[in-house]
Amino acid sequence: MTYAAFGQWVCETLAGLLVVGFATAAHCAAPLPTAEERALKPLDSFKECDACPEMVAVPAGAFTMGSPSKEEGHNPNEDPQRRVTISRRFAVGRFAVTFDEWDACRMDGGCNGYDPFDAGWGRGRRPVINVSFDDAKAYVAWLSRKTGRTYRLLGEAEREYVTRAGTRTPFWWGSSISTSQANYDGTHPYGKGANGEYRRETVPVDTFAPNPWGLYQVHGNVSEWMEDCWNDSYRTAATNGSAAPRGDCGFRVIRGGNWGNVPSFLRSAARFLSYAHNRYSEVGFRVARTLAP
């Protein structure tokens, strides 16, 4: 048993003895010790409290960001393609943040006490929705306080990097898409794919197969807030994977596509913008954490 796992077990055991109800999820934290953090291998996973997101260690590396003009659904805001190097490893949530994880934050005094509407679809392991960029930032601030580690939102270069997971096609599995692979508006085909169902709501975050790095729903279900300010191209973008701190910061980048989108919006390179203060039933978020070198 690792130090972190042992610490979590002790905390949960004490919580049970003290009969403090929700404390097991909301109050126990077992931050990963620096030595264990440095020993993480690519694709190792960890959690730093019972109600915290499961994190997956991502290897450093390089990839070509953006899409070629011949790719179906290509948008000029995905130009120019460029080589991006992720020189420092980081960890990313295996899933989008769920209602269960959001509720743990709220019940622990975080997330500004905000209780998002689930649109009548259910909570639990469905991705949290109706959260703005500002709400997402409140969640990572709580998570950072709870664990004593710096959690954050992904930058869009990091998001495309982990979505592709070493692949170059429009979707990590290939050049077409079906509704057995992702949640989107299946009444519109893409590539050589066929029409499929249109669920018109979210599904639990562990639905469908994970990508080669073990990440779920990097395409579809909910779009995800990025840290980046909006810029309409990559002309001035960094090549080191860092988020864009300048641009139209009243709008933030969203990535991944969602249950209401046509399939071209789910491509690995697809990027869109949204007003940072707005809340939508199509948008949630995933968290990241920089790891010790």
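Restricting ASN211, ASN258 to those that are modelled with pLDDT of 95 or more, crowded, with 24+ Cβ neighbours inside 10 Å and within 25 Å of ALA57 (Cα to Cα) reduces the list to ASN258. Among the residues examined, GLY166 does not qualify as over 28 Å from ALA244 (Cβ atoms) and small (Gly, Ala, Ser). Only one of the listed residues (VAL253, VAL283, VAL222) is in contact (Cβ under 8 Å) with a residue 60 or more places away in the chain, in contact with a Pro (Cβ under 6 Å, 6 or more places away or on another chain), crowded, with 19+ Cβ neighbours inside 10 Å and assigned by TED's automatic domain parsing to the domain that holds ASN195. That residue is VAL222.
Which of the residues that make up the range 80-113 are surrounded by fewer than 22 Cβ atoms within 10 Å (Cβ to Cβ) and acidic (Asp, Glu)? ASP100, ASP103, ASP108, listed by residue number. Scanning the range 106-142 for residues that are part of a helix (DSSP H, G or I) and in contact with a Lys or Arg (Cβ under 8 Å, 6 or more places away or on another chain) yields GLY113, PHE133, ASP135, VAL140. Would a scan of the range 37-49 turn up a residue that is farther than 30 Å from ALA269 by Cα, surrounded by fewer than 18 Cβ atoms within 10 Å (Cβ to Cβ) and without any contact (Cβ under 8 Å) to a residue 40 or more places away in the chain? For the range 37-49, residues farther than 30 Å from ALA269 by Cα, surrounded by fewer than 18 Cβ atoms within 10 Å (Cβ to Cβ) and without any contact (Cβ under 8 Å) to a residue 40 or more places away in the chain: present. Just one of the listed residues (GLY193, GLY174, GLY155) is assigned by TED's automatic domain parsing to the domain that holds PRO53 and surrounded by fewer than 16 Cβ atoms within 10 Å (Cβ to Cβ), namely GLY174.
The values are calculated or read from the model by the stated rules, or taken from the named source; none is laboratory data. In this text the structure is predicted, and so the values were computed from the model without any measurement. All Cβ positions, even for glycine, are placed from backbone atoms using ideal geometry, and neighbour counts span all protein chains on display.
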